[in-house]
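Colleague: Here it is, the structure in full.
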Amino acid sequence: MRKVRMGVIGCGGIVEGAHVHAIQDEMAKGRLEITAVCEIIPERAEKAAKLWNCDYITDDWTTMLGRVDAILCALPHDLHHPCGKFFLENGVHVMMEKPLANTEPECIDLIETAERTGKLLMVAYPWRYEDGPKVIRKLLDDKTYGECFQVSMWTEQNTHPAEGNWANTKKGLGGGQFFSHGCHYIDLLLWFFGKPKRGIHFGNNKGTPWMEGEGTSQAMIEFADGTLAYHGGTWGAAGTRLGYSFHFHCTKGMIEYDHFAGKIYAHTDIADHIPGEIGANEKCELIYEHTSGKNVVPEMNHFLDCVLNGDTPITTAAESLQGLRVIWKMYEAERNNTIADLTGLGLEDDWKAVPLTEHGVWEEWE
Ligand SMILES: NC(=O)c1ccc[n+]([C@@H]2O[C@H](COP(=O)([O-])OP(=O)(O)OC[C@H]3O[C@@H](n4cnc5c(N)ncnc54)[C@H](O)[C@@H]3O)[C@@H](O)[C@H]2O)c1
């Protein structure tokens, strides 16, 4: 079997915490070898290279050409565009960590470069490859618990990088918590519910003073089918009960996804509300269970399938741009004290039909 020669660029948190498992898995299957590691912190580079028996370490990704068929780009967000562009231009497939890039012009440039060179550009949105969200999407599509009308998605994290870290800055991050982490859930919401209609966002730093962009984010979207969706996320959680928790209220029951526990429950048979009385407990049934924790194994598996078979990735760069446009539009509306018009920005919409605007440029932020 042909092995894909991959270079890993950036060996920080996400690589050490998640991709390392997917890489080991594909190496064991004989589909992948890591032929170059690029990192500016030598100890991180050496640790990763040793793990993967890789004999080429560099702090300059431009020296990797000729050694790699594909790269995993897990760099600070402001480096996604220059790194991705360099490899796509030079005939190398790219798996880009989310978000695709910090501005709309950069995203479009990456998409167009991939189209022109015929190289693969997949955005790493692991949720869409994981079993839990796939099971939920089927339950929603099949209307197993009726028509969905309200969704709440909570993500409560304690993300406090050291002073001077790129992730505290607007320039490095491209925005705040909503852009950096919320992009996962906007992508999922668009995937679940199709075309968004309008939305609002509020974010600030009351609980995360170390952040330049917002560290706490509250977003609400109305979809064309009438579903109302809410995403609340913070990087300042000093404790949490909800962790990563999603609730889908449907006309015949509520679907709950507890991502940390890896469990999906169906809550049904709620008692009629009687003012002044605590309602009887409804039925709660565990309907699906998977291994808990972040699982990027299926995502890497899909990327290699695409490289080896020429398949189109599920999480294309163009789809990811649609999600980022939703976020940029909501940021823009927040700055202007208006409601964001999100029409024309769903995953099924033509991303090229939306005119190039300036709302992705971080310098315009207050
Ligand atoms: N899918 C997910 O759920 C998820 C979770 C966390 C992070 N991420 C994404 O992964 C990417 C990296 O995030 P992270 O949390 O691992 O950050 P990190 O800061 O821990 O890692 C980034 C690494 O890049 C290295 N680096 C910086 N400049 C470099 C350069 N010029 N050349 C080579 N290496 C360089 C840094 O030294 C660091 O080790 C980001 O795009 C982030 O959004 C995704």
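Colleague: Quickly estimate the mean residue ellipticity at 222 nm for the chain, helices only: each DSSP H run with n ≥ 4 gives -39500 (n - 2.57), and the total goes over all residues, rounded to 500.
Modeller: Details: 10 runs with 107 residues, N = 366.
When only DSSP H runs of four or more count, the value is -9000 deg cm²/dmol.
Colleague: Calculate the FRET efficiency for D272 and I339 from the Cβ-Cβ distance with a Förster distance of 30 Å, rounded to the nearest 0.05. If you can, show how the numbers build up before the last one.
Modeller: On the way: r = 34 Å, r/R0 = 1.13.
With R0 = 30 Å, the Cβ-Cβ based efficiency is 0.30.
Colleague: Additional query: Quick query: amide H of L342 versus all other amide H atoms, modeled in the peptide plane; which residues come in under 5 Å with a sequence gap of 5 or more or a different chain?
Modeller: Those qualifying (amide H under 5 Å, at least 5 residues apart or on another chain) are R198, G199.
Colleague: Next question. In the calculated pair distance distribution of the range 54-142, what percentage of Cα-Cα distances lie above 21 Å?
Modeller: It works out to 39 percent of all Cα pairs.
Colleague: Work out, in µm²/s and without decimals, the Stokes-Einstein translational diffusion coefficient of the range 219-278 at 37 °C, 0.692 mPa s, Rh from Kirkwood over C-alpha pairs. Walk me through the numbers on the way to the answer.
Modeller: On the way: Rh = 14.1 Å.
In µm²/s, the coefficient is 233.
Colleague: Moving on to the next point. In Å and whole numbers, how far do the C-alpha atoms of the range 194-310 stretch along each principal axis, longest first?
Modeller: Ordered largest first, the range 194-310 gives principal extents of 59, 39, 34 Å.
Colleague: With viscosity set to 0.890 mPa s and temperature to 25 °C, compute the Stokes-Einstein D of the range 106-260, Rh being the Kirkwood radius across alpha carbon pairs; µm²/s, no decimals.
Modeller: Working: Rh = 17.0 Å.
So the translational diffusion coefficient is about 145 µm²/s.
Colleague: Return the sequence-ordered ³J(HN,Hα) values of the range 299-308 in whole Hz as given by the Karplus equation 6.51 cos²θ - 1.76 cosθ + 1.60 applied to θ = phi - 60°, using x for Gly and Pro.
Modeller: Whole-Hz 3J(HN,Hα) from phi for the range 299-308: 5, 5, 4, 5, 4, 5, 4, 5, 5, 6.
Colleague: Output ³J(HN,Hα) for the range 193-210: one whole-Hz value per residue in order, computed from phi by the Karplus curve 6.51 cos²θ - 1.76 cosθ + 1.60 with θ = phi - 60°, and x for Gly and Pro.
Modeller: Once rounded to whole Hz, the list reads 10, x, 8, x, 10, 8, x, 9, 9, 10, x, 7, 10, 4, x, 9, x, 6.
Colleague: Follow-up. Jot down the per residue volume, in cubic angstrom and as a whole number, of the convex hull over the alpha-carbon atoms of the range 275-324. Could you put the intermediate results ahead of the total?
Modeller: On the way: hull volume 9.8 nm³, N = 50.
Considering the Cα atoms of the range 275-324, their hull volume per residue is 197 Å³.
Colleague: Taking amide H atoms as placed 1.01 Å from N in the peptide plane, list the residues 5 or more away in sequence, or in a different chain, whose amide H sits under 5 Å from that of I34.
Modeller: Amide H neighbours of I34, under 5 Å, 5+ apart: M6.
Colleague: Further question: Please list, in chain and number order, the residues 5+ apart from I287 or on another chain whose amide H is under 5 Å from its amide H, with Hs placed from the backbone.
Modeller: I264, Y265, A266
Colleague: Gain in length, Y230 to R116, computed as 0.36 nm per residue apart minus the alpha-carbon separation, to one decimal in nm?
Modeller: Details: separation 114, 0.36 × 114 = 41.04 nm, distance 3.76 nm.
Extra length from Y230 to R116 when fully extended: 37.3 nm.
Colleague: Starting at the first residue of the range 16-32, write each ³J(HN,Hα) from the Karplus equation 6.51 cos²θ - 1.76 cosθ + 1.60 with θ = phi - 60°, in whole Hz, x for Gly and Pro.
Modeller: Couplings: 5, x, 10, 4, 4, 5, 5, 5, 4, 4, 6, 5, 5, 7, x, 9, 9 Hz.
Colleague: I need the P(r) histogram for the range 311-357: all alpha carbon pairs, bin width 10 Å from 0 out to the longest distance, whole percents.
Modeller: Computed distribution, short to long bins: 26, 49, 20, 4, 0.
Colleague: OK, next. I need to check one value: relative contact order of the range 127-212, counting alpha carbon pairs closer than 8 Å and at least 6 residues apart, in percent.
Modeller: Details: 37 pairs, mean separation 25.2, N = 86.
Relative contact order, the range 127-212: 29 percent.
Colleague: Does anything in the range 298-320 have its amide N under 15 Å from the 7 Å Cα→Cβ label point of Y56, and if so which residues?
Modeller: So the set is empty, nothing qualifies.
Colleague: Sticking with this one: With the contact rule set at Cα under 8 Å and sequence spacing of 6 or more, what percent relative contact order holds for the chain? Provide the component values of the computation, followed by the final result.
Modeller: On the way: 765 pairs, mean separation 65.8, N = 366.
It comes to 18 percent, rounded to a whole number.
Colleague: Taking 0.36 nm per residue of sequence separation and subtracting the Cα-Cα distance, how much length would be gained by fully extending the chain between V354 and D131, in nm to one decimal? Present the calculation step by step, with values, prior to reporting the outcome.
Modeller: Values: separation 223, 0.36 × 223 = 80.28 nm, distance 3.22 nm.
Residue separation times 0.36 nm, minus the Cα-Cα distance, leaves 77.1 nm.
Colleague: While we're here: For the chain, state the average projected area of the convex hull of the C-alpha atoms over all orientations, rounded to one decimal in nm². The partial results should precede the final answer.
Modeller: Numbers: hull surface 77.4 nm².
Averaged projected area of the chain's Cα convex hull equals 19.4 nm².
Colleague: Holding the Cα-Cα limit at 31 Å, pick out from K3/K263; K3/K171; K134/K352; K50/K294; K119/K263 the pairs that are longer than that. Don't skip to the answer; put the middle values down first.
Modeller: Details: K3/K263 35 Å; K3/K171 37 Å; K134/K352 27 Å; K50/K294 24 Å; K119/K263 37 Å.
Checking Cα-Cα distances, K3/K263; K3/K171; K119/K263 exceed 31 Å.
Colleague: I need to check one value: relative contact order of the range 128-289, counting alpha carbon pairs closer than 8 Å and at least 6 residues apart, in percent.
Modeller: Numbers: 330 pairs, mean separation 42.2, N = 162.
That works out to 26 percent.
Read-outs: derived from the displayed coordinates by stated rules, not from any lab. Note that the coordinates shown come from a computational prediction; the quantities given were computed from them, not determined experimentally. Neighbour counts are summed over all protein chains in view; Cβ atoms, including those assigned to glycine, are modelled from backbone coordinates with ideal geometry.
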